[in-house]
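Taking it in order: structure first as structure tokens, then the write-up.
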Amino acid sequence: MKPDVLVIGGGNAALCAALMAREAGASVLLLEAAPKEWRGGNSVHTRNLRCMHEEPQDVLVETYPEEEYWQDLLKVTGGQTDEKLARLVIRASSSCRPWMRKHGVHFQPSLSGTLSLSRTNAFFMGGGKALVNAYYRSAEQMGVQIRYESPVERLEIVDGQFRAAYVKGERIEARACVLACGGFESNRAWLREVWGQNSEGEWPADNFLIRGTRYNQGILIKDLQAQGADMIGDPTQSHCVAIDARAPLYDGGITTRLDCVSLGVVLNRHGLRFYDEGEDFWPKRYAIWGRLVALQSGQIAHCVIDSKAIGRFMPPVFPGLKADTLPELAQKIGLPVEPFMQSINAYNAACRVGNFDHTVLDDCHTEGITPAKTHWARPIDIGPFYAFSLRPGITFTYLGMKTDETTAVRFAGVASNNLFVAGEMMAGNVLGKGYTAGVGMSIGTAFGRIAGTGAAQAAFKLKNLEQQRAAA
Ligand SMILES: Cc1cc2nc3c(=O)[nH]c(=O)nc-3n(C[C@H](O)[C@H](O)[C@H](O)COP(=O)(O)OP(=O)(O)OC[C@H]3O[C@@H](n4cnc5c(N)ncnc54)[C@H](O)[C@@H]3O)c2cc1C
């Protein structure tokens, strides 16, 4: 039987939409591209959502008022955001947690090593995987039909109205549809096209790693674009961080993060430094280092630290390369020893060590070298020495569908009456560029819930029309 609402995608935004549509009384079918064991998209990798609160709220300390949240968003996006939609997300983030709890999501205070987010971000007990599992459990109990291994290939849209979705050639009709199938970050061919070739003839995107799911191929972003949907976001923009080069191609998640850059120096494959490693606290800089590494030859870089740094950063999953002398370390990494030693010696000689303190922007800096290291600069001189290689790790892309507070997909400025969009597929409306931790889940939760309710209402209207026609 034709469902009222078809939800395409199986992550946070899709599940929020499916649950809300079902709560509104609609019959719901959810199509997830992944097999059951890989369900949940990038949402399984998350740990928290950013929440506005005017007073301390259960796991959140102090306050995080609307205006401060808005200013944070304004700063990271450089003004490339829709204020109305951004404020909608911010306000919704203050009231969504009781609903989330109702569907089995639990929260916990932030742990140490979580980038000092205890005031602004509510952490999911058990992480995003537990959140996704709880939502699926609740959806099943409420009677949402779920089909795994169902990648939608294209939509049938007539005059801006959704008619059907195609999965492996099968035509699936519904009265309304919510699109919530992520960005195109897992589509390596598309990333290659967008990044193009560099001056050395390399295709940088071939060396990118994908931090999350392999299933966000952007197939429906391409389809909707071809069908004339209004789009938003620059295809070259993405959230891209520097991660452990040994991470798997997909799904390495947060465990592949490396937090030692600000304690050492970073060299490219020619053995040269290329950026200020101590510009700011690592949580504020790790997202620019993805692009910095992407711009280096071979899209690789190597962070070198000495024994003084050990114990001062969250230990990575894989141990670093270790050597008793620096030339030996260069050989182990596979870097040319001479320029490597010249870079380290020049850096060591330029260090002006004051009061080292990794918890503040301290006064340890370099003088007379380019690039400078402006904080936490101490000579790399006490063995054993360690090296960690870095690659660009794409979190998600920003290209998606333009929408408004109803989440309706638009065609030449006209809102569809039964096609809605949520999550990463429309996050570009709020995040033109940049990112602040936890806002991805705030966007998906706010717009997923609106899209689900909107789709249910649209379906009921169409159902009434169908009934009137049948009775006439
Ligand atoms: C390592 C990592 C850590 C992160 N940590 C955080 C965090 O702590 N807090 C935060 O706010 N954000 C975090 N993010 C970002 C966050 O994951 C996203 O903003 C959010 O999960 C997006 O939700 P979504 O539902 O839009 O997409 P996703 O969760 O990616 O879901 C997309 C779904 O669509 C399915 N799909 C794709 N194409 C099709 C198709 N054609 N047909 C059917 N199904 C399809 C996929 O299989 C998937 O289930 C993190 C991301 C990563 C990679």
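The values are calculated or read from the model by the stated rules, or taken from the named source; none is laboratory data. Remember, it's a predicted structure, so these values are computed and weren't measured experimentally. Note: ideal-geometry Cβ built from the backbone for every residue, glycine included; neighbour counts use all protein chains shown.
General remarks:
- Qualifying positions in the range 149-182 - modelled with pLDDT of 95 or more, surrounded by fewer than 16 Cβ atoms within 10 Å (Cβ to Cβ) and part of a loop (DSSP other than H, G, I, E, B): 149, 159, 168
- Here residue 76 passes the criteria (1) more than 23 Å from residue 181 (Cα to Cα); (2) at pLDDT 90 or above; (3) hydrophobic (A, V, I, L, M, F, W, C); (4) within 14 Å of the ligand (Cβ to nearest atom) except the one numbered (2).
- Considering residues of the range 215-231 that are under 17 Å from residue 408 (Cα atoms) and assigned to a loop (DSSP other than H, G, I, E, B) only, the residue nearest to the ligand (Cβ to nearest atom): 227
- Some residue of the range 16-36 being buried (at least 22 other Cβ atoms within 10 Å of the Cβ) and within 24 Å of residue 287 (Cβ to Cβ): no
- Subset of the range 32-58 [part of a loop (DSSP other than H, G, I, E, B) and without any contact (Cβ under 8 Å) to a residue 40 or more places away in the chain]: 55, 56
- Test: residue 143 is closer than 25 Å to residue 257 by Cβ and either surrounded by fewer than 16 Cβ atoms within 10 Å (Cβ to Cβ) or within 13 Å of the ligand (Cβ to nearest atom) (or both): no
- One residue from 29, 19 being in contact (Cβ under 8 Å) with a residue 12 or more places away in the chain, away from the ligand (no atom under 11 Å from the Cβ) and in contact with a strand residue (DSSP E or B) (Cβ under 6 Å, 6 or more places away or on another chain): 29
- Applying the criterion of being in a helix (DSSP H, G or I) and β-branched (Val, Ile, Thr) to the residues of the range 427-472, the residue that is farthest from the ligand (Cβ to nearest atom) is 453.
- Restricting attention to the range 395-426, the residues that are crowded, with 24+ Cβ neighbours inside 10 Å, modelled with pLDDT under 95 and within 10 Å of the ligand (Cβ to nearest atom) add up to 1.
- If the condition is being touching a Cys at 6+ places or on another chain (Cβ under 9 Å) and more than 6 Å from the ligand (Cβ to nearest atom), then the range 32-55 contributes only 51.
- Residue within the range 198-214 that is away from the ligand (no atom under 15 Å from the Cβ), outside any strand (DSSP E or B) and either in contact with an Asp or Glu (Cβ under 7 Å, 6 or more places away or on another chain) or farther than 29 Å from residue 268 by Cβ (or both) present: no
- Selection within the range 307-338: residues that are of a type in the set (Val, Ile, Thr) and more than 14 Å from residue 388 (Cβ to Cβ). The member of this set that is surrounded by the most Cβ atoms within 10 Å (Cβ to Cβ) is 337.
- Selection of the range 431-457 for residues being modelled with pLDDT of 95 or more, out of contact with any Lys or Arg (no Cβ under 9 Å at 6 or more places or on another chain) and aliphatic (A, V, I, L, M) yields 443, 450, 451.
- Taking each residue of the range 204-220 that is at pLDDT 95 or above and looking for partners that are near the ligand (Cβ under 6 Å from one of its atoms) and outside any helix (DSSP H, G or I) with beta-carbon atoms closer than 6 Å, six or more apart or interchain, yields 211/395; 215/33; 215/34; 216/182; 220/181.
- In the range 232-242 there is at least one residue that is over 22 Å from residue 314 (Cα atoms) and at pLDDT 95 or above.
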